[in-house]
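Structure record follows, encoded as structure tokens.
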Number of protein chains: 2
Amino acid sequence: MTKYITDQALVREFNLSSVLRLIHAQPPISRAQMAGITGLNKSTISSLVDDLLTQNLILETGSNTGGGGRPATLLEMNPQVGLIIGVELGVDFVSVAVTDFLGNIIWRRREDADPTEDQDKMINQTLGIVKEAMAAGKKKNTRFLGLGLATPGTVDIKEGVLIFAPNLHWRNVPFGKIFSEQTRLRVFVENDANAAAIAEHLFGTARQCQDFIFVFAGVGIGGGLFLNGKLYRGKNGYAGEIGHSPIMAEPSQTVCHCGNRGCWETYANQYSIIQRIQARLEVKRTSIIPKLIAEHNSPLSIPIIKQAADAGDREAIDSFAEAGHAMGQGLAGLINIFNPEKIVIGGPLSIAGEYLLPAIKETVARHALPEIDQQVEVLLSPFGPDASLLGAIAIVADDILSHPSSIEGI
Amino acid sequence: MTKYITDQALVREFNLSSVLRLIHAQPPISRAQMAGITGLNKSTISSLVDDLLTQNLILETGSNTGGGGRPATLLEMNPQVGLIIGVELGVDFVSVAVTDFLGNIIWRRREDADPTEDQDKMINQTLGIVKEAMAAGKKKNTRFLGLGLATPGTVDIKEGVLIFAPNLHWRNVPFGKIFSEQTRLRVFVENDANAAAIAEHLFGTARQCQDFIFVFAGVGIGGGLFLNGKLYRGKNGYAGEIGHSPIMAEPSQTVCHCGNRGCWETYANQYSIIQRIQARLEVKRTSIIPKLIAEHNSPLSIPIIKQAADAGDREAIDSFAEAGHAMGQGLAGLINIFNPEKIVIGGPLSIAGEYLLPAIKETVARHALPEIDQQVEVLLSPFGPDASLLGAIAIVADDILSHPSSIEGI
DNA sequence: TAATTAGTATGTTGAAGCAACAAATTGATT
DNA sequence: AATCAATTTGTTGCTTCAACATACTAATTA
């Protein structure tokens, strides 16, 4: 439903949030600069800044004695205002991190996990790590601002319930309730790709960016759509299933788990790369990959292929390039549809980004409409495979940036 | 850039707009009901409604003596507040309409035109029709609220300039300047599919709908993306080029004018249907279409094929179904990406909607992810081939709904 | 010392809330 | 049938408080 402005308190909250986001996005910044940017009166800005200083959300840090006139007092975020806990539930692992308010990691742990085995077991394993995280954070002598949880699947973000995650085979899991009862923290739950998109907007490579798409490349290919300056979730929160669009490729398509043939994600997910390598190795044996597999004593994986590519292995490099071309074809379609400012690629596959990106860009340029293609920047997430973990952090920070006075109650 | 709330006048304007849109969307409605819906105080609503009554934007119409208690005074839009002129520049025609504030058509005219011949000539032809429209409107003894112009291509809506229209081969045409100088009216310019989407939201089948996609099917296939309750234009206004996504089809693809093979729009635009019919007629001659072509003494066209289908002609019906299947494949991809509430199909091709829609729905159901497909409604625009003409009207009405006090100056 | 820019203090404006009230109806009670 | 309580709608007058305007002080450069 549409949001209506009601009383003056909401106006205050809105402007407080605008000023805080401005300081967050373009630090350091002075009161006078912000008055210019926002159109708000100088004295109003001063009053809002006073509030934020009182709440310890921001700091006065030095002064800018640039041109003539009185030097400006510069303002920045206060990273120490409190800690945030982020949890990423992956398809075969759990990651937990503790960060300051700016997303700087203070503590982290990652464990393998198997969601198909037992749901309660995996949740308890996660809760165990979270409790360690809290113990580590408590040494910092500050408070926790909240806990964010990113998970594949559809999420009812208001209730904090995972509605349906096909990859985990989970339905209706009340993460919000479970984690807030166990930690006594405010808990936010969000889809992994959506969360990662918010992380890029707040901490990453899409700051200031109103229109971009985060592409989560891993077991499947998912998307976080950040449009008109906010996340787009669709009618029921399913928006962003970009991996099941067809691409133009040779007719011998494998059947996607969605039942169709030709889906983009069947050509460019991590298994497709592994299969491609395996097929190549059966024909040709000049690769160093078999040796690496033996050394690691583990099945073929993206990190191993990456290591081979780093050593100059042709098979590895070519396979990544093939996947990059498939990815580029899918992206070209998205670019035509969205005319985005940026495409940001993250997730497990992005550790091989340096090998994928040239192929991606080349294919995008060939298939997207030239007028639109010239406007878009295709980038790798600075968080790589941790994009959703940082996303879990980001959804907590984002809530505070939206409602600055809410932290009074914490 | 982000919109900042500044002074109380903006809050007033915002709430005035909220109340006006509510009356527009759910008439008739009482002050008390609106207080409930918006959360604004009863007395605030009364004050806002007084303003709108003074401006003649709304009317008190009867009272609702339903349950116990004092009967409510019901409010509706005042269609007579002023007239709107809409102009659609098509690839081979010009349409002009005069409507009241609710989009009811009072006068209209459509003429064939050839944009490739001479740009000035086509603009003068259009201006001529607009002047007739104004003469017709002046008899109604009311004012004009503005003129809207819908055109294929990319538009700088702030400056009212058509940046680039590949189908017309036009670049940098300052429609806003030209038409406001010639008519002395406020002029709004918008892309045809975007305008049509706004028409669906205000007057058509997507009222109240926050997330829907308008599909303009004609010479090409374009999209108007209405997301999170507002139009999404992308970084440079190119968003909505949905027709160049590939679909899964037999490998013998024709080359699209964009240079790629396999584009959705090459399988489902109006020429593709005409070609399909021609190919069938060369093989088989039991169709009534050759007879109809002779009767009309004009080349094969969608209306003729439609007429044949109405008469039960197999070739016509089957060709529409084939196009519908292609359309359904393209829509399935969009549905996965957007999880929209509705898909609304309009434009020239939609006159054959009754023959296309069953095939579209069947194919969508087969190719979209079931979870998402169950949420979407695929509909025909009630305005059919006039969707963009009504769109031109709608962008004027929408501006007034957004800024109710702006009409004081008209 | 003048000019310039940053930020603050004080009083004003006005949008919306609040609470009490008036208006118009229904229905139960006398 | 007349009356009165209950209920819902809409208005009036007063209060609150967020932002503005303007005049001020502060701190720097030339």
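The values are calculated or read from the model by the stated rules, or taken from the named source; none is laboratory data. The structure presented is a predicted model; accordingly, all values stated were derived computationally and were not measured. Ideal geometry is used to build each Cβ from the backbone, glycine not excepted, and the neighbour counts take in all protein chains shown.
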(request) Can you work out which of the residues in the range A:38-92 that are of a type in the set (Gly, Ala, Ser), closer than 29 Å to A:Thr183 by Cβ and assigned to a loop (DSSP other than H, G, I, E, B) is nearest to DNA strand D (Cβ to nearest atom)? (result) A:Gly82
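Would you call B:Tyr267 surrounded by fewer than 17 Cβ atoms within 10 Å (Cβ to Cβ), touching a residue at least 24 places away in the same chain (Cβ under 8 Å) and closer than 24 Å to B:Ile317 by Cβ?
Answer is no for this residue.
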(message) I'd like to verify a number: residues in the range A:1-37 that are out of contact with any strand residue (DSSP E or B) (no Cβ under 8 Å at 6 or more places or on another chain), in a loop (DSSP other than H, G, I, E, B) and either more than 8 Å from DNA strand C (Cβ to nearest atom) or of a type in the set (Gly, Ala, Ser) (or both), how many?
(response) 5
(request) For B:Pro27, indicate whether it is in contact with a His (Cβ under 9 Å, 6 or more places away or on another chain) and either more than 18 Å from B:Ser406 (Cα to Cα) or crowded, with 20+ Cβ neighbours inside 10 Å (or both). (result) no
(request) Would you mention how many residues in the range A:383-410 are assigned to a loop (DSSP other than H, G, I, E, B) and buried (at least 16 other Cβ atoms within 10 Å of the Cβ)? (result) 1
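Residues are listed down the side, and each one gets a yes or a no for (1) more than 14 Å from every other protein chain (Cβ to nearest Cβ); (2) part of a helix (DSSP H, G or I); (3) over 28 Å from the mean Cα position of the chain (by Cα):
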position: A:Ala294; (1), (2), (3): yes, yes, yes
position: A:Gln307; (1), (2), (3): yes, yes, no
position: A:Gly312; (1), (2), (3): yes, no, yes
position: A:Glu315; (1), (2), (3): yes, yes, yes
position: A:Ala321; (1), (2), (3): yes, yes, no
(request) For residues that are more than 20 Å from B:Gln210 (Cα to Cα) and hydrophobic (A, V, I, L, M, F, W, C), tally how many sit in the range B:17-45. (result) 5
(request) May I ask you to say which residue of A:Gly333, A:Gly409 is within 14 Å of another protein chain (Cβ to nearest Cβ) and more than 20 Å from the chain's Cα centre (by Cα)? (result) A:Gly333
(request) From (1) more than 9 Å from every other protein chain (Cβ to nearest Cβ); (2) of a type in the set (D, E, K, R); (3) farther than 30 Å from B:Ile23 by Cβ, pick out the condition that doesn't hold for B:Glu200. (result) (3)
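Taking the range B:254-292 on its own, how many of its residues are of a type in the set (Asp, Glu) and more than 14 Å from chain A (Cβ to nearest Cβ)?
Qualifying residue count, the range B:254-292: 1.
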(request) Of all residues in the range A:204-231, count the ones that are among the basic types (Lys, Arg) and closer than 24 Å to A:Ile351 by Cβ. (result) 1
(message) Regarding the range A:8-18, can at least one residue be identified that is within 13 Å of chain B (Cβ to nearest Cβ), within 16 Å of DNA strand D (Cβ to nearest atom), hydroxyl-bearing (Ser, Thr, Tyr) and within 30 Å of A:Ala133 (Cα to Cα)?
(response) yes
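Of the residues that make up the range B:303-323, is at least one under 30 Å from A:Leu331 (Cβ atoms) and in contact (Cβ under 8 Å) with a residue 12 or more places away in the chain?
Within the range B:303-323, the first condition is being under 30 Å from A:Leu331 (Cβ atoms), and the residues that meet it are B:322-323.
Pick out the ones that are also in contact (Cβ under 8 Å) with a residue 12 or more places away in the chain and you get B:322-323.
Yes, because at least one residue in the range B:303-323 is under 30 Å from A:Leu331 (Cβ atoms) and in contact (Cβ under 8 Å) with a residue 12 or more places away in the chain.
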(message) When the residues of the range B:142-187 are narrowed to those that are modelled with pLDDT of 95 or more and aromatic (Phe, Trp, Tyr), which ends up surrounded by the fewest Cβ atoms within 10 Å (Cβ to Cβ)?
(response) B:Phe144
(request) Go through (1) touching a residue at least 40 places away in the same chain (Cβ under 8 Å); (2) in contact with a helix residue (DSSP H, G or I) (Cβ under 6 Å, 6 or more places away or on another chain); (3) over 29 Å from A:Lys158 (Cα atoms) and name the single condition A:Ala35 misses. (result) (1)
(message) What's the number of the only condition in (1) more than 12 Å from every other protein chain (Cβ to nearest Cβ); (2) more than 22 Å from B:Cys209 (Cβ to Cβ); (3) surrounded by fewer than 22 Cβ atoms within 10 Å (Cβ to Cβ) that B:Arg366 fails to meet?
(response) (1)
(request) Hey, can you tell me all the residues within the range A:40-94 that are over 22 Å from A:Ser17 (Cα atoms), of a type outside the set (D, E, K, R) and within 16 Å of DNA strand C (Cβ to nearest atom)? (result) A:Gly62, A:Ser63, A:Asn64, A:Thr65, A:Gly66, A:Gly67, A:Gly68, A:Gly69, A:Pro71
(request) Scan A:Leu379, A:Leu357 and give me the residue that is in a strand (DSSP E or B), surrounded by fewer than 24 Cβ atoms within 10 Å (Cβ to Cβ) and hydrophobic (A, V, I, L, M, F, W, C). (result) A:Leu379
(message) Return the residues of the range B:143-169 that are within 14 Å of another protein chain (Cβ to nearest Cβ) and aromatic (Phe, Trp, Tyr); say none if nothing qualifies.
(response) B:Phe164
(request) Just name the residue that is farthest from B:Ile178 (Cα to Cα) out of those in the range B:103-158 that are of a type in the set (Ser, Thr, Tyr) and in contact (Cβ under 8 Å) with a residue 60 or more places away in the chain. (result) B:Thr142
(request) Just one of (1) out of contact with any Pro (no Cβ under 8 Å at 6 or more places or on another chain); (2) farther than 14 Å from A:Ala397 by Cα; (3) in the same structural domain as A:Ala150 (by TED's automatic domain parsing) trips up A:Ile85, so point out which. (result) (2)
(request) Could you tell me whether the range B:203-215 includes any residue that is touching a residue at least 12 places away in the same chain (Cβ under 8 Å), in contact with an Asp or Glu (Cβ under 9 Å, 6 or more places away or on another chain), more than 24 Å from A:Asn236 (Cα to Cα) and more than 7 Å from every other protein chain (Cβ to nearest Cβ)? (result) no
